[in-house]
Each structure stands twice: as structure tokens, then as C-alpha cells.
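Engineer: This is the structure I want to talk about, given as C-alpha cells.
The values are calculated or read from the model by the stated rules, or taken from the named source; none is laboratory data. Please read all numbers here as calculations on a predicted model, not as lab measurements. FYI the Cβ positions are ideal-geometry reconstructions off the backbone, even for glycines, and counts take in every protein chain you see. Accessible surface is based on the protein model in full, side chains and every heavy atom, while ligands, DNA and RNA are left aside. Shrake-Rupley method; radii C 1.70, N 1.55, O 1.52, S 1.80 Å.
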Amino acid sequence: MIIVDSLMVKIALIGLLGIGAQWVAWRTGRPAIALMLIVGIIAGPILGIIDPERDFGALQEPIIKLAVAVILFEGGLSLNFRELRQAGGAVFMMVFIAGPIAWVLGTGAAHYGAGLSWEISALLGGIMIVTGPTVIGPMLRTLRVPSRVRNVLKWEGIVNDPIGALLAVGIYAYITYEGPNANIASISMDVLAASFLAGLIGAALGYAITWLFPRGHVPEYLKAPFLLITVIGGFVLADLIMHETGLITVTVMGVVMANRQIYSSQALHRFKEDLAVLLISGVFIILSATLDWETVQQFRPQFVIFLILLLFVVRPISVLVALLFSSLPWRERLFIAWIAPRGIVAVAITGLFAIRLVDYGFPGAEALVPLSFAVVIATIFAHGFSAGWVAERLGINEGKGEGVLIVGATRWTVALGKILKSLNIEVLMADTSPFALRRARHEDLKVHQGDILDEAHNDHIELGEFQHMIVATDNDSHNQLITADLGPEMGFDQISRLSNDSRGKSKSKVGHGRILFESGADFNSLLDRERDGWRFSKTNITEIFSAEEYRKNLEPGEEPLAVLKEDRRLLFFATDTRPVIEDGDVVISFVAPDTPEERKADRAAREAEKNGPEKNAAGKTVDNESES
């Protein structure tokens, strides 16, 4: 018991539970936020191991606020204005039309549904327009919906967070202000002035960072901590001017940096993303652990009416009215109208103002905390577990990425792309040279001209569309750089590269990707073989023609490249990876050219047997295709 009571142990436990929940969510495909919520409730009110108010005391509020600031900054870093080319109009409507409508309808729902006073209802309605990156990000990570939908939900969540907080600030000021100028106009001017100043601070800090870093005024090893402390400092400075305006500062700072050139921006972004994941995990465990039994007992049955109105009336009406004249297809509008999970910001801001209003002695303020938790729990479970199902029913679920991205257009890679396409696998050929891509275009393969590193980081190429990437340029250093940089995005086990070691001694290294082929055949030897007539073939493995038979019929130098499973998974052979070949699989091999006698036997077999695969004179199946 002494060990459990240790604050150090509890901090470690919070991290373990949060990251553990995210890992389980990744393995099972369940919503990470829902699992973190469940784990936090179990560790908090059920088992009583974690009690944030007891364990952290006065530090609880600043810890949560600073964590939210870093999370919003990281979200701002993902807001590139190029994304608005397709969804700009919809984003504008979601912020400036759907937001106010949701506030008005949410206020009415809180008053008539939950029975709250108009003042408290307006406060809660303003806060509830937020969705937030803490819940939208993890949800979108497990979904493959059109990029327009992703961009609208992402921009809405990040931009609306500070707007909802500022609405609450203004309403709180109106409720509690007792001076001679206690009117909506003067309070609104104060909030707008403070917000404008906070935005200027954020823009100035963003421009300062993007001026200092490229010019070498901050050493490389200090850039990440320098940026982190600047974010925290900017948030605190703006928050001193007016509570919650710091959220505007960090969001604007992130957006400015996302749209300006800065050296080491990808490394910094990855650091902030990793930190944001850790903070989301920890803060959500802390917040869900604060849901004590006293708060639960304050939940009244009539609050259910408010939840139903919020889910099925407020959100759908506000979104559908706002997007009425947008160019988005109606299926995508319906999906956006359903998805609106609330998370850390909603709970944190509501709890903060609830404490202040209770201390102020305002009646009905004690209902804010149980209501906010009810909204978070209801929306996370309702939207988190149904998002995939709804997207599927609306026909906008793009499913798990099954394509293959091939970097480097050569005769060998084009031949590989052609045979993959014959197996109904989507192939994208990427290269910086328009001349090199001509052959791929001639074979009717999808092509993309540009540096894969820039294109992927700037979201011009959606890596989630691909189950595997093959890096096969003639520059081994560039191949390793691509693998090391994009490995954390796709997963190192989903990237293979050609070796440029002509001695055949290349080995797969952690962070450098797997070396294609069991033999580790190098780039030049594969091109030489392709010029000599070697080609790709595909072989169906059946009970009649087993994997052992297939292996026996391989000639010296011939070897398998990949196995296509019945569930459409494509597994590549590498120097340290040997996929199991089973009945029902299709094996893609790189084989020597047939002799004239073998080709004649193949043609005769095809004419004689058209209803099923038969082995030819060389032992290969008739449905093997030569791709040169």
C-alpha cells in the first residue's frame, strides 16, 4: 500500500495506463479515447488508486492547462493552408456558421433539456461547440475517409477549441461582472481585444522561431526544448492578459510555423507529435480519474434529454445548415454532422468555470461537471465506436490501404508495378524525373512527380493508402534516408528497399528498412537481369501445386519476391523475412526467361486446358505472366 501511495509510482502508472490503452486501441482497432476513459475511471473512482485532487492538489489545474496548450500547438502545426484548397469553404462555414448555430441550439438544449438557468446554459452551450484534436486526431488515425472530411473535422476541432473557451470567458465575465459597465458590448470588446492581442503574440512567436532556426541562432540539440518552452511561455503570457486566451496564442503560433519554411521542421513536428500523444494519454487518465462518486450522484435523469438533443438535434442541424450550399457531397456532410466527440478541452474548461461559479455562489453551477463528463462519455462512445460503421453505410469508408508505393521509376520497378496491377493492387510510382516516369505512364500506372519526403510530409501523398512502400532509387543513401524518415509514419516493417551493395553483403538494419529478396539482390544486378529477359511471374499455390513444389521448380537465381494472401495482404521477402507460403496464396517471383521449347509448351498447354491452371514443361503454372 505504501508503494501505491507514492506519487512517483502514480505518475508512472498514469503514463503506463495511458500509453497502454493507446497500444491496445492500435492492436484492436478500438477508439483510443474510449479505452483511456475506461482505464481512468477504473483507476480513479472504482479502485481509488489515482485521485488527482488528492495527489496533485493545486498543481492539477496548471498541469492540465499547460498540457492542453502543447496539444493545441501540435494541432496547429498540422494546419497547412494548402489543405483549404479542397475544404476551405466548408471549414469557414463550420467555424463561422455552424459554431454560432450550435451555441444557440446548445444553449436552448441545456435550458429546456437539462433545466439549467439561461446563464449557465449559455456557458455550457459555448463550451460544447468544441470537439478538439485530443479526440478527433486519434479517431481519424483509425479511419480512412476522404481527405476533405478529414481536413474539415481537423480544422474545426483545432480552431473551435479556443473559440469555445473564449465564449465561456465572455459569458463568465458577464455573469460575474458587477461594475457599472456590465453589458454585453463592453465585455465583448474586452474579450475581442484580449483575443486579438493573444493572436498577435502567437504570430510574433511563430515568425520569431521561423526566423531564428534557419539562421543557426539556436543549435540543433536545443531546438526542440527551445520551441517547447516558447510555447509554454507564450501561453502563460497571454493567459495573464485574460484567462484562456493563451489557447489562441499557441494555435496561431502553430499555424504560422506550419505555413513557413523552417529547417528541422519535420524533426520538431515529430517531437511535438510524440509529446502530444504522451500528454493526451496522461491528461485524459487524470481527468477521467477525477470523476468521483459525488459527481456521479449529481447526474439527474433529465440530463439524458440534453444529451439526446446535443447528439441528434444540435450537431446535425448546425452542420447541415452551415454546409447547405457547400460543394461537399451529401454523404460527407452527413458524416460530419454525426461526428463531434468532446474531450480534454471541454472537460477542463467546464471544470474550471464550474469551480469559479460555485465559489461565486451562482445557483446551478454544480451541474456543469457531471454534465460535461456525461457529454464526453456519451460522445466518445457514440461517435468513437460508430464512426467506422457510419462511414461504411454512407459509402465513404475507403477501407484499409491495400496499395503499394514504389519510389524510383526504372524498367525493373515498372515491370513490378505492372504485375502488381494485374493482381488488382493499386500502384503509385513516384520519382523526381518526368522522363523516368514516361515508361510507367505508358504502362498505365499512376505516377507522382516529386521528392517523396517533401510530398509525404506536406500531405500531398496520403501514406495511409498504402500497405507497403518499396524504395528502389539508384542512390542507396537516399533510399536509407527515405526509409529512416518515413519509417515512423508507415512502420518500418512496411518499407522495403533495394540494396546497392554489389557484393551481396547488405543486411537489414533497424531504421533502414528491409532489404528486398532473400538473397539481398542489388540494384544493378536486377537491372542487368531485367535487360537479359528476366521477368516477374505469378503462381497460384494450391493443394495440387504446393509451396514445396513451387520451390523445387525454381531455377538457380530465381526467387520469390512477395506473397499475396487471400485477405489481400502483400508480404515481401527480405534478407531477414520469410513469409509463409500457404494454399490459396499467389506468389510473385523474379524468374529467368523461358527457353523457346518452354514457351512452345506453354502455348500448347494454354490451348489444351482453358478451365484451370496446369503445370508447363518447366513446372510453372500456366497462369504465370511474363512482365518485362
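Engineer: What about residue 40, is it within 31 Å of the chain's Cα centre (by Cα), modelled with pLDDT under 90 and buried (at least 21 other Cβ atoms within 10 Å of the Cβ)?
Structural biologist: Yes; evaluated as a whole, the condition is true for this residue.
Engineer: Which residue out of 501, 444, 459 is modelled with pLDDT of 85 or more and in a loop (DSSP other than H, G, I, E, B)?
Structural biologist: 444
Engineer: Looking at residue 367, is it within 19 Å of the chain's Cα centre (by Cα) and crowded, with 19+ Cβ neighbours inside 10 Å?
Structural biologist: So residue 367 fails the test.
Engineer: So, one more: Could you please let me know if residue 266 is at pLDDT below 80, surrounded by fewer than 21 Cβ atoms within 10 Å (Cβ to Cβ) and in contact with a His (Cβ under 8 Å, 6 or more places away or on another chain)?
Structural biologist: Yes; evaluated as a whole, the condition is true for this residue.
For (1) at pLDDT 90 or above; (2) surrounded by 14 or more Cβ atoms within 10 Å (Cβ to Cβ), each residue gets a yes or a no:
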site: 521; (1), (2): no, yes
site: 534; (1), (2): yes, yes
site: 539; (1), (2): yes, yes
site: 544; (1), (2): no, no
site: 554; (1), (2): no, yes
site: 575; (1), (2): no, yes
site: 586; (1), (2): yes, yes
site: 595; (1), (2): no, no
site: 622; (1), (2): no, yes
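Engineer: Please go through the stretch 210-228 and pick out each residue that is under 25 Å from the mean Cα position of the chain (by Cα) and either part of a loop (DSSP other than H, G, I, E, B) or among the hydrophobic types (A, V, I, L, M, F, W, C) (or both).
Structural biologist: 224, 227, 228
Engineer: Something else about it: Among the candidates 59, 123, 116, which residue alone is open to solvent by 50 Å² or more (accessible area, probe 1.4 Å) and either of a type in the set (Phe, Trp, Tyr) or more than 28 Å from the chain's Cα centre (by Cα) (or both)?
Structural biologist: Only one candidate passes the filter, namely 59.
Engineer: Ok, one more. Do you know which residues across the stretch 395-409 are at pLDDT below 90, of a type outside the set (Gly, Ala, Ser) and either in contact with a helix residue (DSSP H, G or I) (Cβ under 7 Å, 6 or more places away or on another chain) or closer than 14 Å to residue 146 by Cα (or both)?
Structural biologist: 396, 397, 398, 400
Engineer: When the stretch 434-452 is examined, which residues are found to be exposed (fewer than 14 other Cβ atoms within 10 Å of the Cβ) and acidic (Asp, Glu)?
Structural biologist: Once the filter is applied, which keeps residues that are exposed (fewer than 14 other Cβ atoms within 10 Å of the Cβ) and acidic (Asp, Glu), the stretch 434-452 yields only 444.
Engineer: Within the stretch 95-109, is even one residue in contact (Cβ under 8 Å) with a residue 12 or more places away in the chain, in a helix (DSSP H, G or I) and farther than 30 Å from residue 302 by Cα?
Structural biologist: So far as the stretch 95-109 goes, no, none of its residues is in contact (Cβ under 8 Å) with a residue 12 or more places away in the chain, in a helix (DSSP H, G or I) and farther than 30 Å from residue 302 by Cα.
Engineer: Give the residue that is surrounded by the most Cβ atoms within 10 Å (Cβ to Cβ), with candidates limited to residues of the stretch 27-36 that are at pLDDT below 75 and not aliphatic (A, V, I, L, M).
Structural biologist: Among those residues, the one meeting the criterion is 31.
Engineer: Anything in the stretch 354-385 that is at pLDDT 80 or above, aromatic (Phe, Trp, Tyr) and part of a helix (DSSP H, G or I)? List them, or say none.
Structural biologist: Of everything in the stretch 354-385, those that are at pLDDT 80 or above, aromatic (Phe, Trp, Tyr) and part of a helix (DSSP H, G or I) turn out to be 373, 381, 385.
One line per residue, one yes/no per condition, for (1) touching a residue at least 24 places away in the same chain (Cβ under 8 Å); (2) closer than 17 Å to residue 275 by Cβ:
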site: 197; (1), (2): yes, no
site: 204; (1), (2): no, no
site: 210; (1), (2): yes, no
site: 217; (1), (2): no, no
site: 220; (1), (2): yes, no
site: 224; (1), (2): yes, yes
site: 237; (1), (2): yes, no
site: 255; (1), (2): yes, no
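Engineer: Please specify each residue of the stretch 307-336 satisfying the condition of being within 20 Å of residue 128 (Cβ to Cβ) and surrounded by fewer than 19 Cβ atoms within 10 Å (Cβ to Cβ).
Structural biologist: Selection gives 308, 311, 312, 313, 316, 317, 320, 321.
Engineer: Taking residue 516 and the conditions (1) without any contact (Cβ under 8 Å) to a residue 40 or more places away in the chain; (2) surrounded by 20 or more Cβ atoms within 10 Å (Cβ to Cβ), which numbered condition does it fall short on, given that it satisfies the others?
Structural biologist: Against the list (1) without any contact (Cβ under 8 Å) to a residue 40 or more places away in the chain; (2) surrounded by 20 or more Cβ atoms within 10 Å (Cβ to Cβ), residue 516 comes up short only on (1).
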